[in-house]
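The values are calculated or read from the model by the stated rules, or taken from the named source; none is laboratory data. Since this is a predicted model, take the numbers as computed values, not measurements. Cβ: placed from backbone, ideal geometry, glycine included. Neighbour counts: every protein chain shown. Areas reflect the complete protein model, heavy atoms only, side chains present, ligands, DNA and RNA absent. Shrake-Rupley method; radii C 1.70, N 1.55, O 1.52, S 1.80 Å.
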Amino acid sequence: MIVVAIIGILAAIAFPSYREHVARGQRAEAKGALTEMAQWMERNYTQSNAYTLQGDGTTAVTTATTLPVSQTPRDSLPKTYNLNLSSVASASFTVRAVPITGAAMASDKCGTLTLDNTGSKGITGGTSGTTASDCWSR
């Protein structure tokens, strides 16, 4: 009985730690994809002098535009985040990683991760008391 109690206590300590470790890995994947999408937008800006036009100078970039990567993780299942442009103007943009409903990150403390054209990193819809630096620095 004592052995069962010890195993239960160890499991109660280890499982939450494991879940947080997995969540940090999923967030890291999403942050990397957001950085990649921001670089894609910057390349468009360099070529067309506006975030609203793709590099060819004629195709519009809108919030409905399919980004080069639309979900993370890119190469494996299950998907945990949808990537999109939440706003785009000729001189600014914001890309977001939105947790997929029902997926592992749906109830993550960080909620939606955001990155804009100035490099400002943020979160929306996260757990009360969670800051952007809590989610972006780890």
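If you go through the range 1-56 and keep only what is in a helix (DSSP H, G or I), polar (S, T, N, Q) and either open to solvent by less than 70 Å² (accessible area, probe 1.4 Å) or at positive phi (or both), you end up with GLN26, THR35, ASN44, SER48. For PRO68, are the conditions met, namely being in a loop (DSSP other than H, G, I, E, B), open to solvent by 50 Å² or more (accessible area, probe 1.4 Å) and touching a helix residue (DSSP H, G or I) at 6+ places or on another chain (Cβ under 7 Å)? Answer is yes for this residue.
Report, by residue number, each residue of the range 75-110 that is in a loop (DSSP other than H, G, I, E, B) and over 12 Å from the mean Cα position of the chain (by Cα). Of everything in the range 75-110, those that are in a loop (DSSP other than H, G, I, E, B) and over 12 Å from the mean Cα position of the chain (by Cα) turn out to be ASP75, SER76, LEU77, PRO78, SER90, ALA91, THR101, GLY102, ALA103, ALA104, SER107, LYS109. Could you look through the range 95-138, keep only residues that are closer than 18 Å to ALA38 by Cβ and of a type in the set (Lys, Arg), and pick out the one that is least open to solvent (accessible area, probe 1.4 Å)? Ranking the qualifying residues of the range 95-138, first place goes to ARG96.
Can you spot a residue in the range 18-31 that is over 18 Å from THR127 (Cα atoms) and more than 16 Å from the chain's Cα centre (by Cα)? Within the range 18-31 (the criterion being over 18 Å from THR127 (Cα atoms) and more than 16 Å from the chain's Cα centre (by Cα)), the answer is yes, since at least one residue qualifies.
Considering only residues in the range 111-138 that are among the polar types (S, T, N, Q) and in a strand (DSSP E or B), the one that is farthest from the chain's Cα centre (by Cα) turns out to be THR124.
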